[in-house]
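Report on the following structure.
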Amino acid sequence: MSIKVKSLGLVKNEEIEIKAIASLEADGIRIDGIKINESQNGNLYLQFPERKFKKKDSEELITTKLMFADNEVFKKISETLIKAYQDKKEKGEFEIQEIETSKQGVSISQANPLQDQSKKTKAMVSIDVNGIHLKDIRLNENNQGNLYLQFPNKKTKEEEYKDMFYPTNTDLRKQLTDEAINIYQEKLMAKEFDESAKAQEMDEGERE
């Protein structure tokens, strides 16, 4: 399957760097909040979703990239979204584009256990989908002892939390959850705590 452009909205304030915000969908994964920015010299460029958080017991603000893409895929996404932005700005609409990629399918690439298993978050999970790599997903445990995936979210103007990327159907969510649990449990039994999970545990603090 291809990557589809699901929406693209122009930013009303033309004085700021952000010119448009777009959404993509790839193999049942929806990705919101992709920014089309304009540099000071007038060049347009793409910015994938990021999140900021403070280190625990510190005022230091950390910026984490939530996703990246293979070079060829990123170039295709960038060219497609910038063209869609230019069309919408000039004509008031854009033609729905599909981005073909050589890599297909969605799967769990990492499910790294945290060293401290007494907390709600048990592992940090990453997903690969059509050449796009999504990070900072948490494998959490609820009060009933069930494990579930929590996708990165941000607070809206309405003071609500909205996932920045997520599965669009329950079957895919279950598939990814089961796959993440299997990898996590295998690594936990083998005591494979890698450095990325360790660093995440140390930096875990107040999210913004």
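Could you sort the peptides 41-49, 120-128, 90-98 by per-residue average Cβ neighbour count (10 Å cutoff), highest mean leading?
Packing proxy ranking, top to bottom: 120-128, 41-49, 90-98.
Starting from the Cα of LYS83, draw a straight line to each of the aspartates and glutamates and keep only those under 13 Å, dropping any in the same chain fewer than 8 residues away.
GLU93, GLU95, GLU98
Net charge around LYS12, counting only other residues with Cβ within less than 15 Å of its Cβ (Lys, Arg = +1; Asp, Glu = -1)?
In short, +1.
Please state the relative contact order of the chain as a whole percent: Cα pairs under 8 Å, 6+ residues apart?
21 percent
Please list, ordered by chain and number, the residues whose modelled amide H lies under 5 Å from the amide H of THR101; skip anything fewer than 5 residues away on the same chain.
Excluding prolines and chain starts, which carry no amide H, the hits are ILE3.
How big is the accessible area of GLU60 in square angstrom, nearest 10, if you roll a 1.4 angstrom probe over the protein chains?
Its accessible surface works out to 90 Å², give or take rounding.
To the nearest 20 debye, what charge dipole does the chain have about its Cα centre, counting +1 at the Cβ of each Lys and Arg and -1 at the Cβ of each Asp and Glu?
For the chain, the charge dipole is close to 200 debye.
The values are calculated or read from the model by the stated rules, or taken from the named source; none is laboratory data. All figures in this text were calculated on a predicted structure; none of them were measured in a lab. Cβ: placed from backbone, ideal geometry, glycine included. Neighbour counts: every protein chain shown. Ligands, DNA and RNA are stripped out before the accessible areas are found, and what is left, the full protein with its side chains, is counted by its heavy atoms. Shrake-Rupley method; radii C 1.70, N 1.55, O 1.52, S 1.80 Å.
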